[in-house]
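These notes are about the structure you will find just below.
The values are calculated or read from the model by the stated rules, or taken from the named source; none is laboratory data. The shown structure was predicted, so the numbers you read here are calculated from the model rather than taken from an experiment. Using ideal geometry, Cβ is built from the backbone for each residue, glycine included, and neighbour counts are taken over all protein chains shown.
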Amino acid sequence: MSTPSTLGLKKRRKHHQERTDTIWGYFYLSPVLAWVALFMLFPMLYMIYLSFFEWNFISPVKKFVGLGNYTQLFTDQEFLESVVHTLQFTAASVLLTILFALGIALALNRSFRGVGILRTIFYSPVVVSMIAAALVWNSLFDPNFGTINKFLQLFGIQGPGWVSDPDWALWSIIIMTVWKTMGYYAVIYLAALQGIPESYYEAASLDGAGRWRTFTSVTWPMLMPATLLIGVMGVINSFQVFAQVYVMTQGGPVGRTNVIVYYLYERAFQFFQMGYASAIGFVLFLIIFIFTLLQFKFVDRKLDF
Amino acid sequence: MKQSRFWSRIVYIVVVIGALLTLYPYLWMLSTAFKTQPEIYTSTMSLIPKHFNLQGFALAFHNAPVGRFLFNSMFISVVSTLGVALTSITAGYALARLHFKGRDTIFLLVLGTMMIPHQATIIPSYILLNWFGWINEYKALIIPQMVYPFAIFIIRNFLLSMPRELEEAAMIDGCNRNQTLMRIILPNILPAAATVVIFTFSHNWNDFFWPLVMTKTDEMRTIQVGLAILRTQFSMEWPMLMAATVMSSIPVFAIYFAFQRFFVKGVVGSAVKG
């Protein structure tokens, strides 16, 4: 029980604490706030503004075109194709990545000799840069001298031209991306697997469930939150695919690997259509924004603000 | 029981083959870097160079200022990482421990910036840095990278899971916020700070899109951009290209093998805990 006088003292001290906290708090956060305003909020707003104009970056005047850039997007064959390619890339790479990441996690979720080394190996492609990975895979995919086609030759198969074959170029990029990212998601799956209580498996085994049955009725449902999270993260990253395309195919052959960010880059920094490219940027932002909201929804349960 | 051991063996074999396949591109990169150009045209899939030599490395330095690229990458990565360490520890501390109006709004704002992909906003960012006169200067590659929301997140979460007693004792003993941060918090968040440093360094070292757009001349290019340029200029010279790729990967691999557990912690911390 506090007497009135100590209560007042406590209150005063608390009040004083809050005031100094406010000063320190804003002091500590000032670089972050400046950064958010300058490099996040401003670009966001300026991008929206620019998307209503036609501007070649050099000219002193920007020509207002209203929603013209946006309506043009819907009739721009190249843009629509880039959206289709991005969707194809996203669907294939996310599904394959989930499949491989899950397989790796299930196989490594126990202790046996060498498990540490295996984990190190499977995670290692995450560490190297996308550019380095793309260059290495470029050489593996070389139609005449690359390992992949030489390997296929052993079985009498004439391999395709991979990055130079219109039908295989996007697949080349997908295969390389799955190799590069599966280890990252395998780590998330591993953490989720370790969160499944042992008693669930014991119950399943008491009920006489076999391996497959245990997987479909215990493991897979328990992994659902992780799978959703991985799916959404994968979609967000896939929509931003650029470096692989830049190094491996430059959007070709015949535009078959032209993706949204590559198209934006071309419009902005090769053709200097700043307004039009800003409209593409805003559309890309909206797509990613929706998926990020979904991601926060999934993560929310485990977050405490 | 017997059957389950049989399946364990099968899984084991499949996993080892998968690991070897995952490893293969690195082995290929390494072996090609030490091969001669003619061997590329003649050899089979052999991973052992017939005439082991350093010609590829010499050519890489001859064809492009690879040394300069590596220096640029190292310089901007180290400076940005130091900046991120400072801004994320102070910001994470403020967001986790201090009580003031607007704190939660600011946290949501920082979270919100993670929704803005820099690929989308590259045009206005470029225009802004152009106004500042920073294009093709270190400033363009360092200052926008000095704050990393992901790092703030890691520090804040780590602090939230840490007991407050020590700090409260320090405050009662008359330490102000800054003294508490320096003397009590800093020594206790080293694991989280290490995760931040490692992730930020790798992130900056491996970044491509931003330096590609913000630099114009060879002497300002980072190693990632340099590699991409080399690739477009010398499309078939695989020993030289792989030699450059090997050099570009050494720092991140060295860090990975030295601090592996922090990598895994960072992934799990960011994804599962939020």
Residues (in contact with a Ser or Thr (Cβ under 6 Å, 6 or more places away or on another chain) and among the aromatic types (Phe, Trp, Tyr)) located in segment B:203-259:
B:TRP205, B:TRP238
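State whether one or more residues within segment B:201-215 are more than 11 Å from chain A (Cβ to nearest Cβ), farther than 30 Å from A:VAL232 by Cα and at pLDDT 90 or above.
First pass over segment B:201-215, keeping only residues more than 11 Å from chain A (Cβ to nearest Cβ): B:201, B:215.
Okay, now just the ones that are also farther than 30 Å from A:VAL232 by Cα, so B:215.
So of that shortlist, the ones also at pLDDT 90 or above come out as B:215.
Yes, the conditions are met somewhere in segment B:201-215.
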The conditions are (1) aromatic (Phe, Trp, Tyr); (2) at pLDDT below 90; (3) out of contact with any helix residue (DSSP H, G or I) (no Cβ under 7 Å at 6 or more places or on another chain), and A:PHE145 fails exactly one of them. Which is it?
(3)
State which residue is nearest to the other protein chains (Cβ to nearest Cβ) when the search covers only segment A:75-107 and only residues that are farther than 14 Å from A:GLY231 by Cα and free of Cβ contacts under 8 Å to residues at least 12 places away in the same chain.
A:ALA107
The one condition in (1) farther than 22 Å from A:PRO43 by Cα; (2) buried (at least 23 other Cβ atoms within 10 Å of the Cβ) that A:GLU198 fails to fulfil:
(2)
Residues being in a helix (DSSP H, G or I) and among the polar types (S, T, N, Q) - total across segment B:118-144:
2
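Is it true that B:LYS35 is away from chain A (no Cβ under 12 Å) and more than 30 Å from B:MET220 (Cβ to Cβ)? Give the derivation first.
On the way: away from chain A (no Cβ under 12 Å): no; more than 30 Å from B:MET220 (Cβ to Cβ): yes.
For B:LYS35, the condition - away from chain A (no Cβ under 12 Å) and more than 30 Å from B:MET220 (Cβ to Cβ) - is not met.
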Hey, any hits in segment A:114-131 for a residue that's outside any helix (DSSP H, G or I), of a type outside the set (Val, Ile, Thr), within 15 Å of B:THR22 (Cβ to Cβ) and out of contact with any Phe, Trp or Tyr (no Cβ under 6 Å at 6 or more places or on another chain)?
yes
Would you be able to say whether some residue in segment A:146-153 is surrounded by fewer than 22 Cβ atoms within 10 Å (Cβ to Cβ) and farther than 27 Å from A:THR249 by Cβ?
no
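Taking the stated definitions as given, is B:LEU47 closer than 30 Å to A:PHE112 by Cα, out of contact with any strand residue (DSSP E or B) (no Cβ under 6 Å at 6 or more places or on another chain), within 14 Å of chain A (Cβ to nearest Cβ) and outside any helix (DSSP H, G or I)? Before you say what the answer is, go through the steps one by one.
Numbers: closer than 30 Å to A:PHE112 by Cα: yes; out of contact with any strand residue (DSSP E or B) (no Cβ under 6 Å at 6 or more places or on another chain): yes; within 14 Å of chain A (Cβ to nearest Cβ): yes; outside any helix (DSSP H, G or I): yes.
So B:LEU47 fits the description; yes.
Considering only segment B:211-243, how many residues are charged (D, E, K, R), over 20 Å from B:LEU27 (Cα atoms) and assigned to a loop (DSSP other than H, G, I, E, B)? Walk me through how you get there before you give the answer.
Taking segment B:211-243 as the starting set, the residues that turn out to be charged (D, E, K, R) are B:216, B:218-219, B:221, B:231, B:237.
Still in the list and also over 20 Å from B:LEU27 (Cα atoms): B:216, B:218-219, B:221.
Adding the requirement that they be assigned to a loop (DSSP other than H, G, I, E, B) leaves B:216, B:221.
So the count comes out to 2.
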Among the residues of segment A:137-164, what is the count of those that are over 18 Å from B:MET242 (Cβ atoms), part of a helix (DSSP H, G or I) and not polar (S, T, N, Q)?
3
Which of (1) more than 24 Å from the chain's Cα centre (by Cα); (2) in a helix (DSSP H, G or I) is the odd one out, the single condition B:ARG68 does not satisfy?
(1)
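Got a sec? Which of A:MET40, A:MET44 is in contact (Cβ under 8 Å) with a residue 24 or more places away in the chain, closer than 25 Å to B:HIS118 by Cβ and not assigned by TED's automatic domain parsing to the domain that holds A:GLY275? Break it down into steps so the answer makes sense when it comes.
Details: A:MET40 fails: in contact (Cβ under 8 Å) with a residue 24 or more places away in the chain.
Exactly one of A:MET40, A:MET44 is in contact (Cβ under 8 Å) with a residue 24 or more places away in the chain, closer than 25 Å to B:HIS118 by Cβ and not assigned by TED's automatic domain parsing to the domain that holds A:GLY275, namely A:MET44.
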Mind listing whichever residues of segment A:34-59 are within 8 Å of chain B (Cβ to nearest Cβ), crowded, with 18+ Cβ neighbours inside 10 Å and in contact with a helix residue (DSSP H, G or I) (Cβ under 7 Å, 6 or more places away or on another chain)?
A:VAL36, A:PHE39, A:MET40, A:PRO43, A:MET47, A:LEU50
On the basis of being of a type in the set (A, V, I, L, M, F, W, C), closer than 30 Å to B:VAL225 by Cα and in a loop (DSSP other than H, G, I, E, B), does A:PHE39 make the cut?
no
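So how many residues does segment B:167-199 have that are among the basic types (Lys, Arg) and out of contact with any Phe, Trp or Tyr (no Cβ under 7 Å at 6 or more places or on another chain)?
As a first pass, look at segment B:167-199 and keep what is among the basic types (Lys, Arg): B:177, B:183.
Next, only the ones that are out of contact with any Phe, Trp or Tyr (no Cβ under 7 Å at 6 or more places or on another chain) stay: B:183.
Count: 1.
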Would you mind telling me which numbered condition in (1) out of contact with any Asp or Glu (no Cβ under 8 Å at 6 or more places or on another chain); (2) part of a helix (DSSP H, G or I) B:MET115 fails?
(2)
Subset of segment B:8-32 (residues that are surrounded by fewer than 16 Cβ atoms within 10 Å (Cβ to Cβ), more than 9 Å from every other protein chain (Cβ to nearest Cβ) and at pLDDT 90 or above)
B:ILE13, B:ILE17, B:LEU27
Which condition from (1) more than 24 Å from B:VAL147 (Cβ to Cβ); (2) basic (Lys, Arg); (3) surrounded by 13 or more Cβ atoms within 10 Å (Cβ to Cβ) is the one that B:ARG221 breaks?
(1)
Among what's in segment B:87-124 and is touching a residue at least 60 places away in the same chain (Cβ under 8 Å) and at the interface with another protein chain (Cβ under 8 Å from one of its Cβ atoms), pick the residue that is nearest to B:VAL197 (Cα to Cα).
B:THR87
When B:THR81 is evaluated against the numbered criteria (1) assigned to a helix (DSSP H, G or I); (2) under 30 Å from A:LEU50 (Cβ atoms); (3) touching a Ser or Thr at 6+ places or on another chain (Cβ under 6 Å), which criterion, by number, is the only one it fails?
(2)
